[in-house]
């Protein structure tokens, strides 16, 4: 009788341990997969700092770019498991709409390879200073929170978002 109780307790303990290990493995995997996503909030087209996200859009057949508010810039950029393209723009500029459309194209082409974050320089001067942005629009690539490369649009007489895309590819992202 004692041996049966002992076997039942042993089997119960082993099952419990296996379930606990499996649950821990699953929870760790989920944390790794979306470590930066907890710092990206709701869809917001008027946020001064946002992430461009490729998602299924209601009433559309194909996924498209939506803007999600970035709730913690430093944690998003530090926790991102891929390079981050910072797109600096000014909400006071009438020219930004065309460039933004081009940046959306870049975000679509490189979906899953980079995270695109738009930053309104009028609202986030601390970030502008941190990355030495001298003109807008401008672009900076960061990796794990550190500067990887700057486009430096001020150095060009003329450029297009195709030039920006090519610059990103030259940085080893494709």
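Any read-out appearing in this document is the output of simple, stated calculations on the displayed coordinates, not a laboratory observation. Predicted, not measured: the structure shown is a model, and the values here were computed from it. Glycine also receives a Cβ, built like all others from the backbone with ideal geometry; neighbour counts cover every protein chain displayed.
Measuring how big the stretch 37-170 is from its alpha-carbon positions, Rg and Dmax come out at 13.9, 42 Å.
Scoring 53-60, 76-83 by mean Cβ neighbours within 10 Å over their residues and listing the highest first yields 76-83, 53-60.
Our estimate of slack between residue 166 and residue 111, defined as 0.36 nm per intervening residue step minus the Cα-Cα distance, is 18.3 nm.
The stretch between residue 93 and residue 43 holds 15.7 nm of extra length on full extension. This uses 0.36 nm per residue minus the Cα-Cα distance.
Mind ordering 147-153, 88-94 by average Cβ neighbours within 10 Å, highest first?
Numbers: 147-153: 17.0, 88-94: 14.1.
Ranked by mean Cβ neighbours within 10 Å, highest first: 147-153, 88-94.
Maximal additional length on extending the residue 101-residue 159 stretch stands at 19.4 nm, based on 0.36 nm per residue less the C-alpha distance.
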